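Here the structure is laid out as structure tokens; the discussion comes afterwards.
The values are calculated or read from the model by the stated rules, or taken from the named source; none is laboratory data. Keep in mind that this is a model prediction, so the values were computed, not measured. Every residue, glycine as well, gets a Cβ built from its backbone with ideal geometry; the counts of neighbours run over all protein chains shown. SASA here: full protein model, heavy atoms, side chains in, ligands and nucleic acids out. Shrake-Rupley method; radii C 1.70, N 1.55, O 1.52, S 1.80 Å.
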Amino acid sequence: MTDARFEDGDEAPLRLIAAEDADLPVISALLQDAVFPITEMRFDPKARRFALLLNRFRWEDRAAAEAAKRPYERVRSLLVIEDVLRVRSNGIDRADRDTVLSILTLDFAPGADGMGTLTLTLAGDGAIAIEVEAVNLRLDDVTRPYVAPSGKVPDHG
């Protein structure tokens, strides 16, 4: 199946699904250094869904970009978490609509009966804790990759 957003010859968009906590390390690694405006996260309690539209660094393409001596890339991606019971944030000023947040990690702390908490740890000591009935999430690229504005690999040093 092809995706109408991408022309023949373009790299297929990334689509990952996590159905258990063992699937999370890959998604967490790909989310590292993703940035998003605070206005791009939504929790729909009726649908029990949390969604986040973000700009992520294409870690999976870093080595190929270096080998080909081409610019590093970012891509717009959608993180959707299903079976959400509750969402809490810490260290985030939700009233400041201009806030841009940066993801450091995605972790899971299991609770009783398969339930648990997915935590998006953010730069600057912020966090989003998402209580879930089960690990059920997906990460989909929704645009073509574009040249990273900084032209650099994110640095934690």
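Details
- Within the chain, longest stretch clear of exposed trypsin sites (Lys or Arg not before Pro) (DSSP loop, no more than 11 other Cβ within 10 Å): 98-151
- Every Cα-Cα pair of the chain was included, and the share exceeding 29 Å stands at 19 percent.
- Taking amide H positions as modeled 1.01 Å from N, with prolines and chain starts lacking one, the residues under 5 Å from Val142 and 5 or more places away or on another chain are Arg76, Ser77, Leu78.
- Shown here: the stretch 75-157, whose C-alpha atoms stretch 45, 28, 27 Å along the first, second and third principal axes, sorted largest to smallest.
- Remark: the stretch 1-133 carries 56 Å² of accessible area per residue (probe radius 1.4 Å; ligands, DNA and RNA excluded).
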